[in-house]
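Here the structure is laid out as structure tokens; the discussion comes afterwards.
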């Protein structure tokens, strides 16, 4: 399973704490406020417990758990080409 975390947090200090925690759990930055990685519901609950302690009024943090089969059927787009992930061929260097 995969875990995707997206957040909108006003305080730079809190954002830093969340980012460091997500990296410690093995998630990688996708965008400035989006992290993703291998994990399941246990990882999601760990993140939610940590977030509850640090989020302030008006902050939002979303956690999405995705099954492997759902991930494989997701669509990936590059310039001029969109395909299901299961149809992509990646070269390992």
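Quick check: residue separation of residue 83 and residue 56 times 0.36 nm, minus the Cα distance between them. What number comes out in nm? Taking 0.36 nm per residue and subtracting the Cα distance, the gain is 5.8 nm.
Once the mean of 1/r is taken over each pair of separate Cα atoms and inverted, the chain shows a Kirkwood hydrodynamic radius of 14.5 Å.
Under 8 Å for C-alpha pairs, at least 6 residues apart: give me the relative contact order for the chain, rounded to a whole percent.
Values: 115 pairs, mean separation 33.5, N = 93.
With pairs under 8 Å counted, the relative contact order is 36 percent.
Between the helical axis of 12-24 and the longest alpha-carbon principal axis of the chain there is an angle of about 50 degrees. Against the chain, whose longest principal axis is taken from its Cα atoms, helix 41-54 shows a tilt of about 30°.
Between residue 73 and residue 8, how high is the FRET efficiency from 1/(1 + (r/R0)^6) when r is the Cβ-Cβ distance and R₀ = 30 Å? Nearest 0.05. Don't skip to the answer; put the middle values down first.
Working: r = 28 Å, r/R0 = 0.92.
Taking R0 as 30 Å, the efficiency between residue 73 and residue 8 is 0.60.
Shown for 5, 75: other C-beta atoms within 10 Å of each C-beta, ranked fewest to most, produce the order 75, 5.
Report, in deg cm²/dmol and to the nearest 500, the calculated mean residue ellipticity at 222 nm for the chain, where each DSSP H run with n ≥ 4 adds -39500 (n - 2.57) and the sum is divided by the residue count.
Working: 3 runs with 32 residues, N = 93.
Result for the chain, helices only: -10500 deg cm²/dmol.
Taking neighbour counts of Cβ atoms within 10 Å as a proxy for exposure, in what order, fewest first, do 71, 2, 35, 41 appear? Each step should come with its number before you reach the end.
Details: 71 15, 2 18, 35 24, 41 11.
Arranged by neighbour count, lowest to highest, 71, 2, 35, 41 become 41, 71, 2, 35.
Of the peptides 47-59, 18-30, how do they stack up when ordered by the mean number of other Cβ atoms within 10 Å, highest first?
Details: 47-59: 12.9, 18-30: 15.5.
Taking the mean over residues of other Cβ atoms within 10 Å, the ranking is 18-30, 47-59.
Every read-out reported here was derived from the displayed coordinates using simple, explicitly stated rules and does not represent laboratory data. Only a predicted model underlies this, so the values are computations on that prediction, with no experimental measurement involved. Note: ideal-geometry Cβ built from the backbone for every residue, glycine included; neighbour counts use all protein chains shown.
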